[in-house]
Amino acid sequence: MATAPFDPEAVRAFEHASWQRAASVYKATFASATRPFIESLLDAVHVARGTRLLDIACGPGFLTSAGRARGAVARGLDFSPAMLAVASKRERAVRFDEGDAEALPYADGEFDAAVSNFGIHHVPRPLFALREAHRVLRAGGRVAFSFWAEPGENVAWKLVFDAVARHGDRAAARTPVPGGGFGTAAQCADALREVGFADSTTRLVYATWQHRDAQALVTALRAGTARMAAMLNAQRPDPMIAIIADIAENAERYRGADGIAVPIAAVIAAGART
């Protein structure tokens, strides 16, 4: 079967619908997977008191709030009105803007630092978003973004992908072809260099994702993600039972008194505008 052509508007519509749906439950489902990497991102761009900070694809604004807590003049941007409503309600002292990461509504050199916590790879064309981040940074300004590490490092994802491969269909969702994200840390660094950032670096940061059991882990992914949710929600009922049982069996080694603490890992990629 021929691969469908890349359609940026189809990707944008899919992602927009996904995050509109996830907004109200994100804090209770998937935020516990993404929040452990916030401080590493802020460190990578040297956020301190007075830093003019832009949080791209800010979602409910957890990173934006963390930047403000360090004394930054923080601002968040997202294309999902539902996410922005959550962000504005929980953090009234920060300005949140509705806009497109591929066409930022800011002046050249307006910010000292730009960050995105698991957001850049969700835009149709990640290079466009990074190029825009480069434009709105002052000379010497820094950018950093997080991206999920390869499954070999990111155990939670490996458990799910392996179980679906054994019992289900990883292509069941028929989601739009992505415009090009990142598969490896090297690709993250290459993307930064391609749009003009210097001193590009990547490092792996590890955390754990705590859940009561495998069912709770899958429920969080189905409720609080985009492509992963689409894949899981597209599985037929009987294979889905087998998938959860498979995850449970292989996650047992991570069980403690409070449930399963599954290792997760992210790449933190950073660079500077010369």
(request) Taking D169 as the residue in question, decide whether it is among the acidic types (D, E), surrounded by fewer than 23 Cβ atoms within 10 Å (Cβ to Cβ), touching a helix residue (DSSP H, G or I) at 6+ places or on another chain (Cβ under 7 Å) and not in a helix (DSSP H, G or I). (result) no
(request) Taking the residues in the stretch 132-154 that are of a type in the set (D, E, K, R) and part of a helix (DSSP H, G or I) as candidates, determine which candidate is surrounded by the fewest Cβ atoms within 10 Å (Cβ to Cβ). (result) R135
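Would you say F14 is aromatic (F, W, Y), within 14 Å of A144 (Cβ to Cβ), surrounded by 17 or more Cβ atoms within 10 Å (Cβ to Cβ) and in contact with a Ser or Thr (Cβ under 7 Å, 6 or more places away or on another chain)? Break it down into steps so the answer makes sense when it comes.
Working: aromatic (F, W, Y): yes; within 14 Å of A144 (Cβ to Cβ): no; surrounded by 17 or more Cβ atoms within 10 Å (Cβ to Cβ): yes; in contact with a Ser or Thr (Cβ under 7 Å, 6 or more places away or on another chain): yes.
The answer is no for F14.
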(message) Suppose we filter the stretch 40-61 for residues that are assigned to a loop (DSSP other than H, G, I, E, B), small (G, A, S) and in contact with a strand residue (DSSP E or B) (Cβ under 8 Å, 6 or more places away or on another chain); how many remain?
(response) 4
(request) Within the stretch 209-243, track down each residue that is in contact (Cβ under 8 Å) with a residue 60 or more places away in the chain and either β-branched (V, I, T) or more than 30 Å from P60 (Cα to Cα) (or both). (result) T219, T225, R236, P239, A242, I243
(request) Quick one: count up the residues across the stretch 225-246 that are assigned to a helix (DSSP H, G or I) and either of a type in the set (S, T, Y) or over 16 Å from A173 (Cα atoms) (or both). (result) 6
(request) Name every residue in the stretch 19-39 that is farther than 16 Å from A269 by Cα, of a type outside the set (D, E, K, R) and assigned to a helix (DSSP H, G or I), in order of residue number. (result) W19, Q20, A22, A23, S24, V25, Y26, A28, T29, A31, S32, A33
(message) Go through the stretch 81-109 and report how many residues are of a type outside the set (F, W, Y) and in contact (Cβ under 8 Å) with a residue 40 or more places away in the chain.
(response) 7
(request) Can you confirm whether the stretch 117-125 contains a residue that is buried (at least 23 other Cβ atoms within 10 Å of the Cβ), polar (S, T, N, Q) and at pLDDT 95 or above? (result) yes
(request) Out of the residues in the stretch 247-270 that are touching a helix residue (DSSP H, G or I) at 6+ places or on another chain (Cβ under 8 Å) and not in a strand (DSSP E or B), state the one that is surrounded by the most Cβ atoms within 10 Å (Cβ to Cβ). (result) I247
(message) If I ask for residues that are assigned to a helix (DSSP H, G or I) and in contact (Cβ under 8 Å) with a residue 60 or more places away in the chain, which ones from the stretch 110-131 would you list?
(response) I120, H121, H122, P126, L127, A129, L130, R131
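The values are calculated or read from the model by the stated rules, or taken from the named source; none is laboratory data. Given the structure is predicted, the values throughout are model-derived calculations rather than measurements. Note that we place each Cβ from the backbone using ideal geometry, even for glycine, and neighbour counts take in every protein chain shown.
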